[in-house]
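A.B. asks: Submitted below is the structure of interest, expressed as structure tokens.
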């Protein structure tokens with residue numbers, strides 16, 4: 001990954017340097033400043049990619065509202081209250097499908113998701129953020145045989161392990 005990031009930084013650096021050379025109204029910019037701009041741009045790009053990989057399959061907020069008949073504002077309240085997991089992007093809000101019992105339907109949460117979200121809400125309180133759950137859900141957990149929680153949310157036999165894994169993660173975030 002480091003080579004890919006370095007290549008991305010170098011590409012951004014070349015593009016930024018060329019833009020400054022072509023647009024004289026920017027004036028002279030030192031190479032160090034161009035390097036900083038390039039690193040910042042690469043960090044943003046990589047961050048967006050990492051979050052989309054963490055989300056996996058997802059639905060847009062508007063689609064969920066349309067399919068379920070629940071208003072966008074009510075869905076936003078559920079997200080803010082920790083009853084749904086979502087990631088706000090630049091132009092839309094994305095809800096990972098692993099939380100829904102019927103992917104594409106989004107009218108009913110997986111039972112295990114309700115249990116896990118309750119753990120995160122109770123332990124984290126005002127520190128609760130969907131991002132914590134999303135990050136946890138794509139990370140193999142020893143309490144569930146080193147599987148990613150998002151891959152076993154629909155398995156009722158995994159409920160106890162998922163709750164233990166969520167408790168461990170939430171308490172470690174509180175430290």
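A.B. asks: Please find, within the range 18-39, the residue that is surrounded by the fewest Cβ atoms within 10 Å (Cβ to Cβ) out of those that are modelled with pLDDT under 75 and in a helix (DSSP H, G or I).
C.D. replies: It comes out as 25.
A.B. asks: Would you be able to tell me the number of residues in the range 132-149 that are in contact with a strand residue (DSSP E or B) (Cβ under 8 Å, 6 or more places away or on another chain) and either surrounded by fewer than 16 Cβ atoms within 10 Å (Cβ to Cβ) or without any contact (Cβ under 8 Å) to a residue 60 or more places away in the chain (or both)? I'd like the intermediate steps shown before the answer.
C.D. replies: Taking the range 132-149 first, the residues in contact with a strand residue (DSSP E or B) (Cβ under 8 Å, 6 or more places away or on another chain) are 134, 137, 140-141, 147-149.
Among the residues that remain, those that are also either surrounded by fewer than 16 Cβ atoms within 10 Å (Cβ to Cβ) or without any contact (Cβ under 8 Å) to a residue 60 or more places away in the chain (or both) are: 140-141, 147-149.
Qualifying residue count for the region: 5.
A.B. asks: Tell me, please, whether a residue that is within 14 Å of the chain's Cα centre (by Cα) and either more than 27 Å from residue 49 (Cα to Cα) or touching a residue at least 60 places away in the same chain (Cβ under 8 Å) (or both) can be found in the range 150-157. Walk me through how you get there before you give the answer.
C.D. replies: Here is the first cut: in the range 150-157, the ones within 14 Å of the chain's Cα centre (by Cα) are 150.
Still in the running and either more than 27 Å from residue 49 (Cα to Cα) or touching a residue at least 60 places away in the same chain (Cβ under 8 Å) (or both): 150.
Looking for residues that are within 14 Å of the chain's Cα centre (by Cα) and either more than 27 Å from residue 49 (Cα to Cα) or touching a residue at least 60 places away in the same chain (Cβ under 8 Å) (or both), one finds at least one in the range 150-157, hence yes.
Let's see how each residue does on (1) within 18 Å of residue 153 (Cα to Cα); (2) assigned to a loop (DSSP other than H, G, I, E, B):
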residue	(1), (2)
49	no, no
52	no, no
59	yes, no
66	no, no
73	no, no
84	yes, yes
91	no, yes
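The values are calculated or read from the model by the stated rules, or taken from the named source; none is laboratory data. What you are looking at is a predicted structure, and each value in this text was computed from that prediction instead of being measured. Every residue, glycine as well, gets a Cβ built from its backbone with ideal geometry; the counts of neighbours run over all protein chains shown.
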